[in-house]
Amino acid sequence: QVQLVESGGGLVQAGGSLSLSCAASGRTFSGNPMGWFRQVPGKERLFVAAITGSGGRTYYADFVKGRFTISRDNAKNTVYLHMNSLKPEDTAVYFCAADQGLTYYPGMQWDYWGQGTQVTVSS
């Protein structure tokens with residue numbers, strides 16, 4: 001059974017930093033894209049960032065470019081999201097996702113999802 005478990009969420013002041021982790025179990029995703037999404041109540045889930053299986057290419061939503069960094073450690077089957085210069089509008093539940101395919105492309109349907117971790121940025 002595949003599981004993605006996010007951790008690292010919490011409360012941080014505006015301008016601060018936070019790092020999220022997503023540990024996968026049940027299968028290895030070393031050759032597969034992984035990503036992060038976020039959602040606020042009543043709104044759709046939004047793409048935040050993605051990383052290819054090798055970690056060689058990364059992709060970001062415009063609203064996090066220059067502030068967030070996605071990375072992965074395939075030996076640990078884990079993907080990370082390092083968030084800097086946080087803003088109150090970054091407040092959301094952050095979800096990790098992984099795919100069975102080998103290629104990332106915008107708008108793709110992801111096969112596996114974590115339960116999410118809350119990030120709250122106070123002003």
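The values are calculated or read from the model by the stated rules, or taken from the named source; none is laboratory data. Just so we're clear, the structure is a prediction, and the values are computed from it rather than from any experiment. Note: ideal-geometry Cβ built from the backbone for every residue, glycine included; neighbour counts use all protein chains shown. Only protein heavy atoms, including side chains, enter the accessible area calculation; ligands, DNA and RNA are left aside. Shrake-Rupley method; radii C 1.70, N 1.55, O 1.52, S 1.80 Å.
Computed over protein heavy atoms with a 1.4 Å probe, the carbon and sulfur contribution to the accessible area of the chain reaches 49%. The protection proxy used here, the mean number of other Cβ atoms lying within 10 Å of each residue, ranks peptides 101-108, 84-91 as follows, highest first: 84-91, 101-108. Placing a pseudo-label 7 Å from each Cα along the Cα-to-Cβ vector at SER25 and SER71 gives an inter-label distance of 2.4 nm. Using the Cβ-Cβ distance between VAL2 and PHE63 with R0 = 22 Å, the FRET efficiency computed as 1/(1 + (r/R0)^6) comes to roughly 0.15. Cross-link reach is defined here as a Cα-Cα straight distance under 22 Å, omitting same-chain residues fewer than 8 places apart; for LYS43 the lysines meeting it are LYS65, LYS87.
Note that the chain shows a convex hull volume over its alpha carbon atoms of 95 Å³ per residue.
Taking the chain as a Gaussian network of alpha-carbon nodes connected by springs under 10 Å, the highest mean-square fluctuation of the residues ARG57, ARG27, ARG45 belongs to ARG27. Treating r as the C-beta distance of LEU102 and LEU46 and R0 as 22 Å, the FRET efficiency rounds to 0.35. At full extension, GLN39 and HIS82 could sit 13.7 nm farther apart than now, given 0.36 nm per residue minus the alpha carbon distance.
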